[in-house]
Amino acid sequence: MMRGYEGNAQVMADVAAVIEQAQREGRDLATALRIARVTLAYVSGPEPEPDQARALEALDRQLRSLAE
């Protein structure tokens, strides 16, 4: 797995692509975010870097706010 800035940038681009694809398929925002969260968790592995952990927390917060 790539680490560092380049790796994180690629992961975030991949997550953004997952969200865009889900929206093109007509999925709602919550579903697109759930797909992105699973994708990010998968590529981050069991010990995500600090930037990846913050991104996962941000997705979790967004999903909680959509559930309210």
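The values are calculated or read from the model by the stated rules, or taken from the named source; none is laboratory data. Worth saying up front: this structure is predicted, and the values here are computed from it rather than measured. For neighbour counting, all protein chains shown are included, and Cβ atoms are generated from backbone atoms with ideal geometry for every residue, glycine included. Accessible surface is based on the protein model in full, side chains and every heavy atom, while ligands, DNA and RNA are left aside. Shrake-Rupley method; radii C 1.70, N 1.55, O 1.52, S 1.80 Å.
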Original post:
Once you put a point 7 Å from the Cα of R34 and another 7 Å from the Cα of D14, both along the Cβ direction, what distance in nm separates them?
Top reply: 2.2 nm
Original post:
How high is the relative contact order of the chain, given as a whole-number percent (alpha carbon pairs under 8 Å, six or more residues apart)?
Top reply: 29 percent
Subject >> Per residue accessible area in Å² of the chain, where ligands, DNA and RNA are left out and the probe is 1.4 Å >> reply: 68 Å²
Subject >> Accessible area in the full protein assembly, largest first, 1.4 Å probe, for V43, V38 >> reply: V38, V43
**OP:** For every helix of n ≥ 4 consecutive DSSP H residues, a contribution of -39,500 (n - 2.57) applies; sum these over the chain, divide by its total residues, and give [θ] at 222 nm rounded to the nearest 500 deg cm²/dmol.
**Re:** -27500 deg cm²/dmol
**OP:** Restricting things to alpha carbons, tell me how big the chain is in terms of Rg and Dmax, in Å.
**Re:** 11.9, 36
Original post:
Ignoring ligands, DNA and RNA, what percent of the accessible area of the chain is carbon or sulfur (1.4 Å)?
Top reply: 55 percent
**OP:** For Q21, put the label point 7 Å out on the Cα→Cβ axis and report which residues of the range 31-64 keep their amide N under 12 Å from it.
**Re:** 35-36, 39-40
Original post:
Quick one: Karplus J couplings for the range 24-36, per residue in order, coefficients 6.51, -1.76, 1.60, θ = phi - 60°, nearest Hz, x for Gly and Pro?
Top reply: 4, 7, x, 6, 6, 4, 4, 5, 4, 5, 5, 5, 5
Subject >> R61 accessible area, 1.4 Å probe, all protein chains in place, Å² to nearest 10 >> reply: 130 Å²
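Where does each of S65, S44 land when they are ordered by accessible area, with a 1.4 Å probe and the largest first?
Accessible-area ranking of S65, S44, largest first: S65, S44.
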